[in-house]
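The next block holds one structure in the form of structure tokens; read it before the comments.
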Amino acid sequence: MTDDAGGPTRPTPEDRGLRPGTAAYRRLLVALFFIGVATFAQLYSPQGLLPLIVADQGVTADSASLMISAATLGLALGVIPWSYIGDSRGRKPAMLAAVSLACLFALASVMMPTFELTLVMRFLEGLMLGGVPALAVAYLSEEVTPKATVVAAGTYVSGTTVGGLSGRIIAAPIGEQLGWEVGVFVVTLIAVACVLIFLRLAPRAQGFTPRTFRLRPAVTALTGNLKVKELWVIYLQGFLLMGGFVAMYNYVGFHLAGEPFGLPLWLVSFVFLAYLAGTWSSPRAGRLAARFSRRHVLLGSSTVMFVGVALTLVPHLSAVVVGTVVFTAGFFGAHSVAAGWAGVRAVGGRAQSASLYNLGYYAGSSVFGFLGGTFLALAGWAGTVAMVLGLVVAATSLAALVLPRD
């Protein structure tokens with residue numbers, strides 16, 4: 001590119017980064033897709049096995065859900081430290097180290113002699129997995145052109161949906177036949193294969209500048225984002241919506257296995273195919289947000305979530321399935337927009353803003369993923385649904401009142 005005088009021009013911010021349609025751009029998206037699969041297949045593989053864990057370990061439904069909450073709590077606590085490791089060591093090496101260590105803890109979790117030790121391993125697994133969501137959006141934000149960021153973030157999120165789906169739908173039928181530990185083990189092996197694909201395809205970073213960790217600038221990068229009310233609301237979107245989402249998926253299996261449905265676990269696991277709605281909605285929400293407005297797409301997606309979870313109150317199997325599909329599509333549309341917005345709107349460190357979003361996101365998963373079981377015990381499925389509806393209404397109200405048009 002040359003200027004009017006014939007000399008080379010300095011690239012504008014819009015010119016920097018990988019462009020859609022190039023081979024390197026496609027490699028980056030495919031690599032991030034597979035590391036998303038590796039991360040979330042492991043994180044949620046026990047979810048479809050919770051009724052088996054209840055029977056095998058002699059615990060209550062909400063105690064069994066700690067298999068999910070322990071890991072998501074570890075992830076919530078891990079995202080901020082991993083963001084600083086990524087700042088100094090590089091996004092790709094940090095993500096690779098994080099997910100590799102997580103695979104080791106996942107293997108250890110199925111070998112523990114007690115349920116309590118299994119929960120400890122799940123917590124440590126989540127702590128390591130925190131490196132991927134802490135750094136993935138920052139990695140792609142640095143490597144692709146600004147206009148492509150929202151679409152690229154949607155593609156990464158679609159990989160997380162495939163991971164969540166595969167972890168649940170593979171582990172449940174295998175676990176029903178061979179034991180829940182074998183189901184988790186098989187999913188871990190699949191995650192290892194995805195890590196190898198990421199290692200092979202992820203391009204060398206071009207937009208990353210390493211930074212030496214210093215406490216004062218590190219705190220400034222983190223707390224600077226907390227001074228912006230719009231960012232608080234974006235982080236709360238993750239906390240509230242993810243809390244409702246995980247609660248829904250933690251306990252819908254108990255709902256379908258009980259009256260009036262009485263479905264076997266292998267058949268219940270097919271409800272997780274609803275995750276494909278998230279694979280479809282994530283990149284489309286990103287494109288709509290780029291074309292129109294992040295705020296409008298976020299509010300619309302939250303409204304879709306409300307309609308979907310309300311449908312599951314109808315005592316008919318088709319209504320529960322359709323409601324779960326609609327709810328899932330709405331959630332991942334909202335999540336892909338909010339996750340990308342957290343990085344773009346950052347006023348402190350971009351990776352730290354993404355980490356704060358993920359801190360809220362997985363803290364909500366841990367808290368409400370457990371509390372959904374308490375509501376289930378108190379009022380049945382209607383109690384869990386009421387809690388989820390309340391979370392969606394709170395998130396939507398905050399977004400409507402505080403967030404700008406874009």
> Hey, if you drop one equal point scatterer on each alpha-carbon of region 162-270 and run the Debye formula without solvent, what base-10 log of I(q)/I(0) do you get at q = 0.11, 0.21, 0.22 Å⁻¹?
Replying inline: -0.68, -1.11, -1.14
> For mean projected area of the Cα convex hull in nm², the listed values are [x] 19.7; [y] 22.0; [z] 24.6; which was obtained by calculation from the structure presented?
Replying inline: [x]
> Hey, if you put +1 on the Cβ of every Lys and Arg and -1 on every Asp and Glu Cβ in the chain, which of Gly383, Val54, Ala193 ends up farthest toward the positive end of that dipole?
Replying inline: Ala193
> Going by alpha carbons, how many degrees (0 to 90, nearest 10) lie between the helix axis of 294-311 and the longest principal axis of the chain?
Replying inline: 10
> Farthest toward the dipole's positive end in the chain, which of Gly131, Ala257, Pro203, given Cβ charges of +1 (Lys, Arg) and -1 (Asp, Glu) about the Cα centre?
Replying inline: Pro203
>> 5 Å is the cut-off here: which amide hydrogens, built 1.01 Å from N in the peptide plane, fall below it relative to Val144, excluding neighbours closer than 5 in sequence?
In response: Leu18
> Between exposed trypsin sites (Lys or Arg not before Pro) in the chain, where DSSP calls loop and at most 13 other Cβ atoms lie within 10 Å, what's the longest gap?
Replying inline: 1-203
>> I'd like the orientation of helix 229-257 relative to the chain: the angle between its Cα long axis and the longest Cα principal axis, in ° from 0 to 90, rounded to 10.
In response: 30
>> Let's see if you can work this out: charge +1 on each Lys and Arg Cβ, -1 on each Asp and Glu Cβ, no other charges. What is the dipole magnitude of region 212-350 about its Cα centre, in debye to the nearest 20?
In response: 920
> Tilt of helix 317-344 relative to the longest C-alpha principal axis of the chain, in degrees (0 to 90, nearest 10)?
Replying inline: 30
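Just so you know, all these numbers are worked out from the coordinates, no wet-lab data involved. Just so we're clear, the structure is a prediction, and the values are computed from it rather than from any experiment. Glycine also receives a Cβ, built like all others from the backbone with ideal geometry; neighbour counts cover every protein chain displayed.
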